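K.L.:
Got a structure for you, questions after.
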Amino acid sequence: MPLSIKHLLGLEGVPREDITLILDTADNFHEVLQREIKQVPTLRGKTVVNLFFENSTRTRMSFELAEKRLSAQPLNFSTSTSSVAKGESLRDTMRNIEAMKIDMVVVRHNAAGAPSFLTRCTDAAIINAGDGLHEHPTQALLDMMTIRRKFGRLEGLKVAIVGDILHSRVARSNAWGMKTMGMDVTLCGAPTLLPQHPEVLGVRVTDNMDAALSGANVVMLLRLQLERQGAGLFPSIREYRDRYGLDLDKLNKLPSDIIVMHPGPINRGIELASNVADSGRSVILDQVTNGVAVRMAVLFLLGGGEIE
Ligand code: CP
């Protein structure tokens, strides 16, 4: 059964069947990644452009690795070494790259909607690797894969997503995706770091961390995005850490089977204490491992592959 979508622009509106197919396929690729030979020939002859207009470590490297594991040819683009630095537009950049006969495009851009715009400039499949404050769908997919592998299910699990919700495309993609998968999601942050109209996401929102954590199976901390902040959104880093950070004292009051997640990069000592990030309850590096399998699944399925 193929995906119902041609591009992966976000998880808003993506049906449960598509998310389940991506997660099932990612589980298959996770098994491939445990083998001595970690490469399969499924996308041989396909070329995938990694169009990164914003910095990235995890997303960029795991997409490139996923492409290589599928035997596709990655073509890497970065703003500082391209003609974008001379003023070339996004449309012209895309149309010139397309003229070189490419098959898929992975794009990260600081403008919300840039991946959607690119669908009107090329026939290639577009995968959103993070667009402004809008969505980061493959991050949410790898987060759900990590939770499903830990608990064996998603339906009915309670997730608290705590931190800088206002600036987080990860929170938005997870809210859409997790809600679709029947999870109980609470977004929590300082009142100035919550979206103005959270009701559109259809999930619970609170500024009280204890309330958010009550009964949670999963707590996901989000990075305080200091580079996107205006002044005065909270009184001080210390107060923010005390109210919305997770340290060992708070963790020890939670059920022993709760798991701790973070999409990275972590501000250690702000939203997450180092001894929590590195504890046995943390699945942060599992998230990174699963990111390669999820991105292989998305590339494979959008590239026309089907599992039997
Ligand atoms: N989680 C995430 O998107 O990390 P990078 O910015 O390093 O890709």
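K.L.:
All but one of (1) touching a residue at least 60 places away in the same chain (Cβ under 8 Å); (2) farther than 13 Å from Leu299 by Cα; (3) open to solvent by 40 Å² or more (accessible area, probe 1.4 Å); (4) within 16 Å of the ligand (Cβ to nearest atom) hold for Met61; which doesn't?
P.N.:
Among (1) touching a residue at least 60 places away in the same chain (Cβ under 8 Å); (2) farther than 13 Å from Leu299 by Cα; (3) open to solvent by 40 Å² or more (accessible area, probe 1.4 Å); (4) within 16 Å of the ligand (Cβ to nearest atom), Met61 violates only (1).
Listed here are the residues, each with its yes/no results for (1) over 25 Å from Asp131 (Cα atoms); (2) within 14 Å of the ligand (Cβ to nearest atom).
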{"position": "Pro195", "(1), (2)": "no, no"}
{"position": "Pro198", "(1), (2)": "no, no"}
{"position": "Ala212", "(1), (2)": "yes, no"}
{"position": "Tyr244", "(1), (2)": "yes, no"}
{"position": "Asp247", "(1), (2)": "yes, no"}
{"position": "Gly269", "(1), (2)": "yes, no"}
{"position": "Gly291", "(1), (2)": "no, yes"}
{"position": "Gly304", "(1), (2)": "no, no"}
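K.L.:
Looking only at segment 72-114, count every residue that is among the polar types (S, T, N, Q) and either assigned to a strand (DSSP E or B) or surrounded by 15 or more Cβ atoms within 10 Å (Cβ to Cβ) (or both) and tell me the total.
P.N.:
So the count comes out to 5.
K.L.:
Pairs only if they're at least six apart or on different chains, beta carbon under 8 angstrom, first in segment 10-39 and more than 8 Å from Ala297 (Cβ to Cβ) and among the basic types (Lys, Arg), second open to solvent by 60 Å² or more (accessible area, probe 1.4 Å) and part of a helix (DSSP H, G or I); list them, first residue then second.
P.N.:
Going by the 8 Å Cβ cut-off, the qualifying pairs are Lys38/Arg69.
K.L.:
Considering (1) open to solvent by 80 Å² or more (accessible area, probe 1.4 Å); (2) within 16 Å of Ala125 (Cα to Cα); (3) in a loop (DSSP other than H, G, I, E, B), say which one Gly45 fails and leave the rest.
P.N.:
Among (1) open to solvent by 80 Å² or more (accessible area, probe 1.4 Å); (2) within 16 Å of Ala125 (Cα to Cα); (3) in a loop (DSSP other than H, G, I, E, B), Gly45 violates only (1).
K.L.:
Still on this structure: Hey, can you tell me all the residues within segment 190-220 that are at negative phi and of a type in the set (Gly, Ala, Ser)?
P.N.:
Across segment 190-220, the qualifying residues are Ala190, Ala211, Ala212, Ser214, Ala216.
K.L.:
Further question on the same structure: Kindly establish whether Arg204 is farther than 30 Å from Phe52 by Cβ, open to solvent by 50 Å² or more (accessible area, probe 1.4 Å) and touching a Ser or Thr at 6+ places or on another chain (Cβ under 8 Å).
P.N.:
Here the answer is yes, as Arg204 does meet what is asked.
K.L.:
Quick one: in segment 115-142, of everything that is over 25 Å from Val288 (Cα atoms) and outside any loop (DSSP other than H, G, I, E, B), which residue is least open to solvent (accessible area, probe 1.4 Å)?
P.N.:
Among them, the one singled out is Leu118.
The values are calculated or read from the model by the stated rules, or taken from the named source; none is laboratory data. Here the structure is a predicted model, which is why all the values come from computation and not from measurement. Backbone-built Cβ (ideal geometry, glycine too); neighbour counts: all protein chains shown. Side chains included, ligands, DNA and RNA excluded: accessible areas come from the protein's heavy atoms. Shrake-Rupley method; radii C 1.70, N 1.55, O 1.52, S 1.80 Å.
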